[in-house]
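Quick note: the coordinates plus some simple rules give every number you see, no bench work behind them. Computed from a predicted model, the values in this text were never measured in an experiment. Cβ sites come from the backbone with ideal geometry, for glycine too, and all protein chains shown count toward neighbours.
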């Protein structure tokens, strides 16, 4: 399949189509941007059979405990860091304020900029108050809504963003800024701590990525591929413990799958997620300089 990008958005990979959760969760796919995955259905045997990474792998107990707690307490407010990670949390500040949460993604706000063929690219963590109208407008683009399923009034997008911003740090929503102009939306998340980990042989510190390109003028022409390359490079350069970047675009989103392949990801398997049948895409650190 030749790497072509459509005029839609860019489908990330780890997002499938689920309701927002404190993690990346999985929502629908974005149009050339991938969307999150919601609750995921178990991967069918036929999906795993074709995965060259398939192992008889048992997830660590701490990961399973996180998922079990999430299912048991679905709808409840996320735990504060001190409650979820008693060995890492600090004493709550006087006055009942929320203690600092554990930095599970090594501070995307401080990753800096990277040159691309289309200008200087940077990830800026979302401020809901500042960025809601912009992101909500993108979510109401029919090409994006078909995969992200977040169209509607601003509160729909606000709930999705706040679930991450006020969550436990497993997923961080970011604006993709090109030469100072916000033009895309990213979700960077811990795939190994996400329900997605139930559907592939996850490794510690696997990092997932969802992407949508906001403006029609920025879609196509190789922009999605360039942004994916840049975002992946920022992750691998700033997360030394991360050996792989993971994505799971909807198989129907051909432009998105193509963009990931052109950006150096490899197709590992087809997986059945709750909202879609996805292409599991992987980019390994060891091959990043070659692809």
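At a glance:
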item: Kirkwood Rh and Cα Rg combined as Rg over Rh, evaluated for segment 107-233; result: 0.95
item: Per-pair calculated FRET efficiency, R0 = 25 Å: residue 166 and residue 124 via Cβ, rounded to 0.05; result: 0.90
item: Estimated inter-spin distance, residue 133 and residue 241, nm [label 7 Å along Cα→Cβ]; result: 4.0
item: Volume in Å³ per residue [convex hull over Cα atoms, computed for segment 231-291]; result: 84
item: Kirkwood-Stokes translational diffusion coefficient of segment 172-291, alpha-carbon pairs, 10 °C, 1.306 mPa s, µm²/s; result: 109
item: Residues listed by number, segment 267-284, amide nitrogen under 19 Å from residue 156 label point at 7 Å toward C-beta; result: 275-276
